[in-house]
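See below for the structure under consideration.
Every number here is computed from the coordinates shown, using simple stated rules; none is lab data. Values in this document were obtained by computation on a predicted structure and should not be read as measured data. Note that each Cβ is placed from the backbone with ideal geometry, even for glycine, and that neighbours are counted across all protein chains shown.
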Amino acid sequence: MMSEKEFLSMVKDNQGIIHKICRIYRDSPEDREDLFQEVIFQLWRSYPSFSGSSKSSTWLYRVALNTAMASFRKNKPDVTLAEYLPDVQLKDNINEYNERQEALLAAIRQLSEPDRALIALFLDELSYQQIALIIGISENNVGVKLNRIKIRLQKLIIKP
Amino acid sequence: MNIEELRSEWQSIKTPQVELDRLKDMTIEKSHPVLSRIRKQLMMELIGWSAFVIICFTGLDAEQKPMLANAILLLSVTLPIIFNTYGYRLSKELIAGPDISSSLQNRINALKNFAIISVMLRIILISGVAYFFLSTVDITQGKLMLLGAGSVFLIFPLYLLVRIWKKRIGKLKDNLRLLKELG
């Protein structure tokens, strides 16, 4: 079992996965920040049950996507004072995303929440077997679903 | 864009970097924004209902009311407060299974049970408080109508509560259905 230090280091190295999930599951920067924190909290809570038999990125994906789909967002945006200085805040810098990436993210956000999970795993090159294990459906169903989602995604990018 | 281009764009998305000390802070329950809000709300409810019970028992002739009315009031106020601590624990447990489908299914079951008991306890609370106040009152037709009108104000929050739970559980059910359906 890893120590807290190793856990944090592993999360730090893989945090790009969590940020991208926050981008496709939440619209506002505040909601993304809340989801990011919720994912880290859930990872830490479920960390004792992480056996290490699967890759840490696979486990991280499962917890992050599960959290994004199972948590409820706030109804109204709250006005809160920032606790951290801008250089360490999670607010996305829109300039960091180019137009094609923005189009891709916007298209993914138009998919249903379960479809967003499948396409994110596929785009990060997880195998059908890994996707099936994370989602809890058969490999065959993963293939059928992904074929449909890929076509839909390409159509959404051409005609947003 | 073809699929390989989509993959390449996805994988080259730049993301912010959060430092270790900030990540560590996020693992602490006390610094969790949603849980902090829930804790604050629970504390306010505890203080509010405790004050209400104290006022009932000290300033509203509780000794003249039947023992049963006093006991029902105490029980109907205490039960939701105790049950809310279970709700707080449930708010922390988003991951409830070895994969996303089974986790969502388990969470739906847990939330359904919580919602049903929560609504029942709210009904018991309203009834318990009403019984305490009405236990020594002669019910006339006029008072009964007044009670009927007053109960609308008590039932409306209950309706809102049911609606919130239906919406939340419905969203999870939709996600699970879409995950499980073929193709």
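Annotations
- The three principal axes of the Cα atoms in the stretch B:84-161 give end-to-end lengths of 59, 19, 14 Å, sorted in falling order.
- Inter-probe distance in nm under a simple model that places probes 7 Å from Cα toward Cβ, at residue A:3 and residue B:126: 5.6
- With Cα atoms, 0 to 90° folded angle of helix B:100-134 axis to chain B main axis: 20
- The calculated FRET efficiency for residue B:64 paired with residue B:154, based on their beta-carbon distance and R0 = 25 Å, is about 0.55.
- Using the Karplus relation 6.51 cos²θ - 1.76 cosθ + 1.60 with θ = phi - 60°, the per-residue 3J(HN,Hα) values for the stretch A:122-139 come to 5, 5, 8, 6, 7, 6, 4, 5, 5, 4, 4, 5, 5, 7, x, 10, 6, 4 Hz, with x marking Gly and Pro.
- Sequence-ordered 3J(HN,Hα) estimates for the stretch B:79-94 from the Karplus curve with 6.51, -1.76 and 1.60 and θ = phi - 60° stand at 4, x, 5, 5, 5, 4, 5, 5, x, 4, 4, 5, 5, 7, 9, 7 Hz, glycine and proline given as x.
- Relative contact order %, the stretch A:97-160, counting alpha carbon pairs below 8 Å whose residues are six or more apart: 40
- With R₀ fixed at 22 Å, the C-beta to C-beta distance from residue B:89 to residue B:166 puts the FRET efficiency at about 0.50.
- Counting Lys and Arg as +1 and Asp and Glu as -1 over every other residue whose Cβ lies under 12 Å from the Cβ of residue B:175, the net charge comes to +3.
- Among B:114-125, A:60-71, the order from most to least packed when residues are scored by Cβ within 10 Å on average: A:60-71, B:114-125
- Residue by residue along A:45-58, Cβ atoms of other protein chains within 10 Å of the local Cβ number 1 on average.
- Inter-label distance, nm, simple model (7 Å from Cα along the C-beta direction), residue B:102/residue B:8: 4.0
- For the listed residue pairs A:5/B:92; A:20/B:24; A:55/B:30; B:92/B:112, the alpha carbons are over 18 angstrom apart in A:5/B:92; A:20/B:24; A:55/B:30.
- With the convex hull of its Cα atoms as the shape, the protein assembly as shown has an orientation-averaged projected area of 21.8 nm².
- Extension gain from residue B:40 to residue B:133, taking 0.36 nm per residue of separation minus the Cα-Cα distance: 30.6 nm
- Hz values of 3J(HN,Hα) by residue in the stretch B:72-77 - Karplus curve (6.51, -1.76, 1.60), Gly and Pro given as x: 5, 4, 4, 5, 5, 8
- Listed residues B:94, B:155, B:125: farthest to the positive end of the dipole of chain B (Cβ charges): B:155
- Applying 1/(1 + (r/R0)^6) with R0 = 35 Å to the Cβ-Cβ distance of residue A:152 and residue B:113 gives a FRET efficiency near 0.45.
- Entry note, the protein assembly as shown: the mean residue ellipticity at 222 nm calculated from DSSP H runs of n ≥ 4, each adding -39500 (n - 2.57), is -24500 deg cm²/dmol after division by the residues and rounding to the nearest 500.
- Helix B:141-180 axis, angle to chain B major axis (alpha carbon atoms, nearest 10°): 20
- Cα centre as origin, Lys/Arg/Asp/Glu Cβ charges: the stretch B:58-183 dipole, Debye: 620
- Distance cut-off 21 Å, percentage of C-alpha pairs in the stretch B:31-180 lying past it: 57
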